[in-house]
Amino acid sequence: MKRFLLIVLALLPLAFHAQDLRLIPYPLYMQAEEGMYAPLGGVTTVYTNLKGDDRKELLEYIATSSLPLKVVKKSEQAHVRLLLDGLDPSFTHPEAYRLEITPQGADAYACDATGLFYAFQTLLQLDGQAQPAGTGQHSLPLVKIFDEPRLQWRGWHMDVSRHFFNKEFIKKQLRMMARYKINRFHWHLNDDPGWRLEVKRYPQLTDSTAYRPQYLWEDWGRAGGRFCSAKTEGAYGGYFTQKDVREIVEYARKLHITVVPEIDVPGHSRAVLAAFPNLACTGRAYENSELCLGNEETFTFVTNVLSEVVGLFPGEYIHIGGDEADRSHWERCAKCQALMQREGISDVKQLQSWFTRKLENWLTQHNRKLLGWDEIMEGGLSPRATVMSWRGERYGIQAARDGHDVVMTPWQCYLDNAQDDPTTEPRGVGGYVPLRLTYDFDPVPAELNENEAAHILGLQGNVWTERIATEQHAEYMMYPRIFAIAENGWTQPERKSWERFYIFALDEVEFLHNNGYNAFNLYTEKGDRDEALDPVNHLAVDIDPVYTHQPSPKYPGYGPKTLTDGERGSYNYQQGQWLGFENDDCEVTLDLDSVQTVTKIFADFMQRADQWIWLPSEVIISASTDGATWTILSREPWQVDFEDPKIRFQRYEWEGSTQARYIRYTAKASGRAGGWLFTDEIIVQ
Ligand code: ACM
């Protein structure tokens with residue numbers, strides 16, 4: 001740890017006594033005093049010793065900001081000074097800054113233009129806080145701040161393929177990202193439902209796959225997933241010209257945000273294959289989404305695209321996707337099989353890995369680094385690759401242990417999940433990730449040692465848009481959870497506090513609303529399922545259930561006693577209280593140890609169509625005094641509605657009075673192959 005950080009951490013106990021000024025992300029060190037520098041008005045002057053483009057860009061930014069500042073050429077005349085090089089020499093992080101606000105004005109110091117930009121963002125957030133809310137006056141509270149980020153990668157990811165989001169939308173969000181010191185924009189530019197980047201060499205990509213007849217992604221899928229030309233009446237879609245891309249990259253750069261483009265291959269390529277069926281294993285479009293890796297033209301195509309990509313995006317990372325390829329197509333393809341023979345490749349995971357390595361070599365020759373979703377680890381990870389861990393944290397942990405850099409983006413960072421009651425929220429992917437869950441996610445897993453942890457570059461919030469079609473909905477999903485992403489990446493864990501952050505987030509949501517952003521209204525948050533809030537006491541608590549069919553090892557809950565631990569599940573089946581049965585019935589027998597009077601037996605089941613989690617087709621509840629002779633107490637057939645896209649929780653219960661020592665709860669699987677049953681507790685009263 002740097003010397004500066006040690007000094008600052010030693011000062012921390014002092015800082016906790018300070019008045020809490022609202023800042024997201026929360027700074028490393030802050031000491032506030034009573035009083036303010038005010039008023040800021042037409043006569044308030046600003047000076048910076050930055051030179052050249054850095055100077056021009058910062059002053060341009062200030063001129064368009066909400067602070068009314070007049071630029072002056074002499075430091076002595078200025079009330080606000082933004083100064084390069086005034087720092088403790090050990091304070092060398094380019095994003096770090098020191099800020100001191102006195103009754104005479106504000107001085108900020110940094111070793112880089114980025115640090116001064118962030119100091120200014122902090123000033124913008126502090127503006128007005130020294131006065132009673134609502135006075136509308138500009139003022140700055142008296143405070144000393146030392147600040148630098150914990151992690152270097154604090155990202156926002158946007159999928160513009162499933163639904164198209166245009167240049168103005170992207171710029172609007174980038175402006176707000178800068179406020180929270182987010183510094184990466186991961187731009188998911190292609191996927192099955194559309195190619196969104198102009199490629200000069202291959203105009204067919206955007207000519208034939210950037211538009212579709214249906215507006216909604218789901219309708220497009222149901223209608224067979226075909227594309228149309230832009231001229232077709234009612235065509236929906238769009239793409240970014242190279243001019244647009246340059247404009248966005250430059251716009252982001254001025255906000256100190258690096259754009260990370262993603263070209264997702266070899267899966268998620270339905271659009272590519274619609275334009276170039278020769279790159280499919282079968283030679284036909286619309287049959288699958290995987291590029292044929294046995295076809296030499298595939299590598300040529302991808303690298304030709306990447307040649308233009310590296311020309312457009314100056315950042316060091318190029319994301320090549322790599323997720324969710326259905327590799328079975330390569331098993332059935334003569335060209336892929338011939339290539340595997342030639343290269344001594346024994347399985348299709350290794351085939352993808354072989355392809356990723358070739359891309360990585362190509363990117364290295366072009367001075368870029370390869371980044372990919374965690375599937376790129378399967379079949380052997382390319383030596384210099386950086387991994388984006390999305391299927392939980394375990395791949396990121398493994399990659400860091402193997403010496404690879406990692407960006408964490410597990411489900412807590414999937415901003416397409418509902419952030420409140422998913423049975424009533426606008427549809428996202430349907431899960432439940434409230435602000436608190438995102439906030440509680442630590443991107444640096446505790447099980448990593450210091451060397452391994454150094455490979456965790458940071459985290460990002462992902463906005464996938466299968467069910468997010470409008471700008472309003474996208475903003476609703478992004479904010480306020482992006483605050484939590486920002487703070488998790490910036491703020492040292494010992495400086496984090498949910499209680500403080502939550503209060504700040506409420507104010508910040510109001511700020512967003514006042515500035516034309518459709519943030520989720522945190523004030524009206526309902527919170528988790530009532531059932532999940534308190535433990536439930538009942539006759540079967542702590543009893544070892546006997547399972548006729550074993551739960552899936554993929555969703556083992558907290559072990560066999562998950563269904564008798566007195567804890568009910570949240571809206572989120574990925575949290576441990578839910579037990580999953582794959583393609584199987586759930587049948588549980590409970591021995592209460594003695595014959596007792598039983599008056600009620602029930603359990604809840606979940607339906608989430610997008611995850612193939614279905615309600616049971618029938619529930620049978622039986623009881624026995626001796627474990628040999630059974631009485632059926634209730635039998636409830638259920639018509640599973642496979643078309644119902646809503647997330648549902650359904651209780652199946654028996655009520656009455658019986659003497660029983662043994663209880664059997666049987667929930668029959670829905671009958672749909674590959675489906676799941678999920679339940680959280682068998683309650684016996
Ligand atoms: C992903 O969510 N398929 C990376």
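So here's what we get for this one:
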quantity	calculated
Total charge dipole magnitude, the chain, about the Cα centre, Cβ charges on Lys, Arg, Asp, Glu only, Debye to nearest 20	2260
Over 29 Å between alpha carbons, listed pairs LYS73/LYS496; LYS56/LYS167; LYS70/LYS171	LYS73/LYS496
From phi via Karplus (6.51, -1.76, 1.60), per-residue ³J(HN,Hα) for segment 497-509 in Hz, x at Gly/Pro	8, 4, 4, 5, 4, 4, 4, 5, 5, 4, 5, 5, 4
Isotropically averaged projected area of segment 536-685, using the convex hull of Cα atoms (one quarter of hull area), nm²	8.0
Between segment 559-594 and segment 462-539, the alpha-carbon center distance in angstrom	29
Cut-off under 5 Å, modelled amide H: who pairs with GLY566 long-range	ASP542
On Cα atoms only, tilt of 334-343 relative to the major axis of the chain in degrees	70
Accessible surface, the chain, averaged per residue in Å² (probe 1.4 Å)	39
Built amide H within the under 5 Å cut-off of THR102, gap 5+	ASP107
Estimated [θ] at 222 nm from DSSP helical runs (n ≥ 4, -39500 (n - 2.57)) normalised by residues in the chain, nearest 500	-8000 deg cm²/dmol
Accessible surface of the chain [probe 1.4 Å, protein heavy atoms]: carbon and sulfur percent	48
ARG332-GLU447 pseudo-label distance in nm [points 7 Å out on the Cα-to-Cβ vector]	3.7
With all protein chains modelled, accessible area of GLU508 [1.4 Å, Å²]	20
Relative contact order (percent, whole number), the chain, Cα cutoff 8 Å, 6+ residue spacing	9
Exposure of LYS200 as accessible area (Å², to 10), given a probe of 1.4 Å and all protein chains	130
Cα shape, segment 85-159, gyration tensor, a/c 1.5 rule	oblate
Cα-derived Rg over Rh, computed across segment 249-385 with Rh taken as Kirkwood radius	0.99
Distance between modelled label sites at LYS369 and THR631, nm, 7 Å Cα→Cβ extension	6.9
Global geometry of the chain, whether rounded, prolate or oblate, following the gyration tensor of its Cα atoms and the 1.5 cut on a/c	oblate
Relative compactness, segment 178-330, computed as alpha-carbon Rg over 2.2 N^0.38 Å	1.07
No Cys partner within the rule (Cβ under 4.7 Å), the chain	CYS111, CYS228, CYS413, CYS586
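The values are calculated or read from the model by the stated rules, or taken from the named source; none is laboratory data. None of the values given here were measured: they were computed from a predicted structure. Using ideal geometry, Cβ is built from the backbone for each residue, glycine included, and neighbour counts are taken over all protein chains shown. The accessibility values were calculated without ligands, DNA or RNA, using every heavy atom of the protein model including side chains. Shrake-Rupley method; radii C 1.70, N 1.55, O 1.52, S 1.80 Å.
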